[in-house]
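Structure first, commentary second.
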Amino acid sequence: MPIGIDRDALGVDPILRGPEVDALLGIAEPTRRRWVREGHLPRPLQIGPNSIGWRRSTIERWLDGLQEAG
């Protein structure tokens, strides 16, 4: 996407891959996998035969829910 275009203004909800979610949450991959397995983190979308990801809005809503609960 060209520089200067605001994705939020366009209604784009990007897919975040595992490493991006890890960086956003400040966790390691094993922690992310465990959180998904234990139901602490929303399940990812299957975006290809060997690819998963999360919609950014899903992770943001999950984080908002944690803040409200805490």
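Key figures for this structure:
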item	result
Flag for residue 4 being of a type outside the set (A, V, I, L, M), modelled with pLDDT under 95 and assigned to a loop (DSSP other than H, G, I, E, B)	yes
Matching residues in segment 24-36 - criterion: being aliphatic (A, V, I, L, M) and either farther than 25 Å from residue 12 by Cα or touching a helix residue (DSSP H, G or I) at 6+ places or on another chain (Cβ under 9 Å) (or both)	24, 25, 27, 28
Residues of segment 37-48 classified as surrounded by 11 or more Cβ atoms within 10 Å (Cβ to Cβ) and either in contact with a strand residue (DSSP E or B) (Cβ under 7 Å, 6 or more places away or on another chain) or closer than 20 Å to residue 14 by Cβ (or both), total	6
Enumeration of residues in segment 49-70 that are closer than 16 Å to residue 15 by Cα and of a type in the set (Asp, Glu)	60
Filter result (out of contact with any strand residue (DSSP E or B) (no Cβ under 8 Å at 6 or more places or on another chain) and not in a helix (DSSP H, G or I)) within segment 7-36	11, 12, 26, 27, 28
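A quick yes/no check of all residues on (1) at pLDDT below 95; (2) in contact with a Lys or Arg (Cβ under 8 Å, 6 or more places away or on another chain); (3) surrounded by fewer than 15 Cβ atoms within 10 Å (Cβ to Cβ):
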{"position": "12", "(1), (2), (3)": "yes, no, yes"}
{"position": "28", "(1), (2), (3)": "no, no, yes"}
{"position": "35", "(1), (2), (3)": "no, no, no"}
{"position": "50", "(1), (2), (3)": "no, no, yes"}
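The values are calculated or read from the model by the stated rules, or taken from the named source; none is laboratory data. Please read all numbers here as calculations on a predicted model, not as lab measurements. Please note: Cβ atoms are built from the backbone with ideal geometry, for glycine as well, and neighbour counts cover all protein chains shown.
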